[in-house]
Each structure stands twice: as C-alpha cells, then as structure tokens.
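> My questions will all concern the structure given below.
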Amino acid sequence: MQTTQAFPSKLPQVGTTIFTVMSKLAADTGALNLSQGYPNFNTDPVLIELVAKAMRDGYNQYAPMPGVPVLREAIAQKTARCYNVTYNPETEITVTTGATEAIYAAITTVVQPDRNAGPRGAGPDEVIVFEPAYDSYVPAIELSGGKPVFVSLNSPGRSEGCIPADAVDAPRVDTPGSAIDWDVVRGKITERTRLIIVNTPHNPTGYVWSADDLNQLAGIVQKYNLFVISDEVYEHIIFDERTHHSLMQQPLLRERTFVVGSFGKTFHTTGWKIGYCLAPANLTAEFRKVHQFVTFSVSTPMQYALAEYLQDPAPYEALPAFYQRKRDLFLQSIRQSRFQFVPSEGTFFQNVSYAGITDEPDYDLAIRLTHDIGVASIPVSVFYHERIDHKILRFCFAKDDETLLQAGERLTRWSLSQ
Ligand code: PMP
Ligand code: GLN
C-alpha cells in the first residue's frame, strides 16, 4: 500500500499570490478589477503587427541565450538616450522572461546561504528589503538560503499625511522628505549584509527615489561593499514633472547594481513577460550562468518586434501624461468620498486610506468590496512580512476611463453609506 510522504516545503510561508487570488475573485464575481497591476486596454496595433511580421519572417526558433542582438542594441540606445549611461549590449545587457526572472536570477547570482562572513562566522547572506515590498523578492531570497532584513518606508502607502479626497483640486503638495530613513538602513547593516533591493518608482506606495536617496545608498554600498538590485519597471510611469533617477546614473552604483526593466509596463504587454537586466560585465557573466538554466532564452518574435518598436521614443515618452490623466480621473471620481489619499508619484497604482470609514482589516475589506460593490483592489498589508494593516487599499488605474469612473462612483457611494 502506498502512503503519502510528508513533503517538506521550501517556502512554507507562501501561498498563492494575492494578485492571483484577487483577479480570480474579480473574474468569478464579475467585479471591476482594479487589483492586479495590468492594463485592461490593448497594446499598440503597430507593435502587434511587428510581432506578426517577425513570425512570418521566420523568427520562430530559439533566440540566443542573452537575447537577440538587435534588441540588446536597441535597449542600449534607449538607455543612453534616457539616462546618458552606456551599457555594452554584448557583455552587459541580458533579455529576461519579464522583470520577475531578472530579479530571481540576480538574487540567485548574489545571495549565498553560508558565506564565511567575518567574526560571526559562516551564516546566510543578509538582504535589505524595503517594506511594503513587491511579493517576489523575499521568496527568491529564501530559496537561495539568504535572510531578508526589513526596513519600513516612512510613509506606508504615502498615506500618513493623507489629504482628504475632496482636496484633490488643491495644488499638489509633495509629501515632504524621503520615505527612507537612511539611519535606520545603516543600523541594519551587518558584516553579513550582501545586497539591497531597491524599487523606484515603488509598488505599492508610488514613492519615487530622489537624487539624495541615490547618494545615500551609494555611500552605504561603497562603505560596506554591497550589491544592489534596482527594480525600475515603472521607470516611465511618473507624475507631476518628477524625474526618474535610475541607479545607473550614480557612477558608483552603476558598477554594483543589476538594473531591471520590463516592457510589460511600458508597452501595455504584461502578458508577454519580456524584461531585461543591465549590469557591469563581471556581474552579467555570473547572472547569465543562472539565466541560462532558469529559462535559457526568451520569445524570439517578440524580441524582434520590440527591437524595431523601440526605435521610436514617442510611445514611452507619452506614458507620464497618459497615466497621469488616468490617475487624476480616478482621483476626481472619488473626490466626494470619505477615502483619503496622496496622489501617487509614480507607477499605475493609487493607495487609498479608509481609516476614517471603518477599522475592518484591509484583507477582509478588499474581499468584501469585491463581493458587495463589484470593485476589486489589493490590501496593502500583503506587502509586509508581518501583514501590518495600515487600512490602505491599492487600486490599479491602468484601466479604460469607463471602468475607472464606474469604480470611483461605486466606491464613493459605498463610503458615504457607511
Ligand atoms: N517588479 C514590480 C515592482 C512589479 O510591480 C512587477 C509586476 N508588475 C514586476 C516586478 C514583475 O514584472 P514582469 O511582469 O515584467 O515580470
Ligand atoms: N506587479 C503586478 C502587481 O503588483 C502583479 C504581477 C503579478 O501578478 N505577479 O499588481
């Protein structure tokens, strides 16, 4: 007789991601889905035609392991154009299966379980993670035997100092100061610290790193000889005339950082799962050793299409205005509500505080609103390892105008009825 063996989990704390849970619930209930971060509108038909053309032209077999040369060249040109920084397409640019694979491969490349680390002896590499944090970082650290060390951002969801919803027409006030307390970061560094993970613009808070944040980080990286992964998938979704400061623009950071990008966000193609990693040659050589056994190579016709599409900067240059209008449409639509918010600085997410309406746990409320009023969101507590509940919901505004207006109307009506 066969018995079921106890199977030891490598990720005992992990369940199905909240994005899958909420999107499924939204589909099952027919709710407006402002939860998982993806557009509900199509990509540019020009880009679709370029994929079809690449397929017709016979680009249907394995791509080279680091990515097709024309795409790596196009990424190098775009990077130089946007940030005035040079990467060698041959040795410093790798095309990946979305940002997720790039992040996983970079963490796997750097993090070791029992590196001999000075007076405390062998022990796991420690990785500084800012919370709230995107959900893929910590499991990847743990699968490599590393230890995440958490630093909270000052303003969860940039929600402290939230402005009332009806003040949305008021002149924009920046939340003053950095969301990062650099003294706290310095206090968490030990001789085992190996890596810091950065995400700017930040999911879910929308925080955009300042030039001073970069300088602070550079000082720490230099002093303690650390590496950095910079998740910059929202580089082109940034508002109110702000500038995205890529970590590559800080010369010292450029030499120690894996900069991760994704075409999913930039070209409304999250389902294509194509991203890339920029890193100095010595880091890229090690990164590719991992990448080649995670996925080997990435969809060929998509790469050729993107290489050609990237020749025109207009589509990504239009993104700030495109998404700022959507953010403002959504905010206007809840301006008479009892929710509170600070307008998102970047990304296609808006955090909204319901602390003045109910003290229900955010997870329960996200589920309840999906059922009761047909609007799905993400409870921000899921971005904290201790599930800290600041009474904030995250709404994705990468949606057509009608969906945003309807969601805003339902949310407003609900808030006023409480
Ligand atoms: N990083 C962040 C901050 C994200 O929000 C996402 C997903 N939207 C990713 C990485 C993953 O990107 P991709 O879909 O290209 O794997
Ligand atoms: N990044 C997307 C979000 O934050 C989700 C991506 C995913 O589902 N893994 O909503």
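The values are calculated or read from the model by the stated rules, or taken from the named source; none is laboratory data. Not measured: the values here are computed from a predicted model. Heads up, the Cβs are rebuilt from the backbone with ideal geometry, glycines too, and the neighbour counts pull from every protein chain shown. Ligands, DNA and RNA are excluded from the accessible area calculation, which covers all protein heavy atoms including side chains. Shrake-Rupley method; radii C 1.70, N 1.55, O 1.52, S 1.80 Å.
> Given bins 5 angstrom wide, list per bin the percent of all Cα-Cα distances in the stretch 322-404, short to long.
With a bin width of 5 Å, the distribution comes to 3, 15, 24, 27, 19, 9, 2, 0.
> Using alpha carbons only, what's the Rg to Rh ratio of the chain with Rh from Kirkwood?
Radius of gyration relative to Kirkwood radius: 0.97.
> Sorting Asp125, Asp28, Asp44 by accessible area (1.4 Å probe), largest first, what list results?
Listed by decreasing accessible area, they come as Asp28, Asp44, Asp125.
> Could I ask something else about it? What residues have an amide H closer than 5 Å to that of Ser152, excluding those fewer than 5 places away on the same chain, when H is modeled at 1.01 Å from N in the peptide plane?
Under 5 Å from the amide H of Ser152: Glu131.
> Hey, with R₀ at 22 Å, roughly what FRET efficiency would Asp28 and Asp372 work out to, going by the Cβ-Cβ distance, to 0.05?
In this case the efficiency is close to 0.95.
> So, one more: Could you give the spread of the C-alpha atoms of the stretch 279-418 along their three principal axes, from largest to smallest, in whole angstroms?
Ordered largest first, the stretch 279-418 gives principal extents of 57, 38, 25 Å.
> Could you work out the Rg to Rh ratio of the stretch 226-357, with Rh taken as the Kirkwood radius (inverse of the mean 1/r over all Cα pairs)?
We get a ratio of 1.05 for the stretch 226-357.
> With θ taken as phi - 60° and the coefficients 6.51, -1.76 and 1.60, list the Karplus ³J(HN,Hα) couplings across the stretch 284-301 in order, rounded to whole Hz; mark glycine and proline as x.
For the stretch 284-301, the Karplus-derived couplings read 4, 4, 6, 4, 5, 4, 6, 3, 5, 9, 7, 9, 6, 8, 10, 2, 5, x Hz, x marking Gly and Pro.
> Now for a different question. Sequence-distant or interchain residues sharing an amide H contact under 5 Å with Val198, placed H: which?
Amide H neighbours of Val198, under 5 Å, 5+ apart: Ile229, Ser230, Asp231.
> Through the Karplus equation 6.51 cos²θ - 1.76 cosθ + 1.60, θ set to phi - 60°, convert the phi angles of the stretch 143-154 into ³J(HN,Hα) values in whole Hz; use x for Gly and Pro.
5, 8, x, x, 10, x, 10, 9, 10, 7, 5, 4
> What is the antiparallel percent of DSSP beta bridges lying wholly in the chain, to the nearest 5?
50
> I've got another one for you. Any idea what the alpha-carbon Rg over 2.2 N^0.38 Å comes to for the stretch 267-309?
Rg over 2.2 N^0.38 Å, computed on Cα atoms: 1.32.
> Kirkwood Rh and Cα-based Rg: tell me the resulting Rg over Rh for the stretch 1-137, rounded to two decimals.
1.06
> Compute the normalised compactness of the stretch 198-277: alpha-carbon radius of gyration over 2.2 N^0.38 Å, N being the residue count.
With N residues counted in the stretch 198-277, Rg over 2.2 N^0.38 Å equals 1.12.
> Another one. Over what distance in Å are the Cα centres of the stretch 1-69 and the stretch 189-256 separated?
One Cα centre to the other: 27 Å.
> Right, here's the next one. Could you list which residues have their amide H under 5 Å from that of Thr193, counting only those 5 or more apart in sequence or on another chain, with H placed in the peptide plane?
Glu126
> Report the far tail of the P(r) of the stretch 364-418, meaning the percent of Cα-Cα pairs longer than 15 Å.
Here the tail beyond 15 Å accounts for 52 percent of pairs.
> Return the sequence-ordered ³J(HN,Hα) values of the stretch 22-36 in whole Hz as given by the Karplus equation 6.51 cos²θ - 1.76 cosθ + 1.60 applied to θ = phi - 60°, using x for Gly and Pro.
6, 5, 5, 4, 4, 5, 5, 9, x, 7, 5, 9, 9, 8, 4
> Carbon-plus-sulfur fraction of the accessible area of the stretch 291-362, 1.4 Å probe, in percent?
Within the stretch 291-362, the accessible surface is 53 percent carbon and sulfur.
> Relative to 2.2 N^0.38 Å, what does the C-alpha radius of gyration of the stretch 14-69 come to as a ratio? Two decimals please.
Cα Rg divided by the expected 2.2 N^0.38 Å: 1.72.
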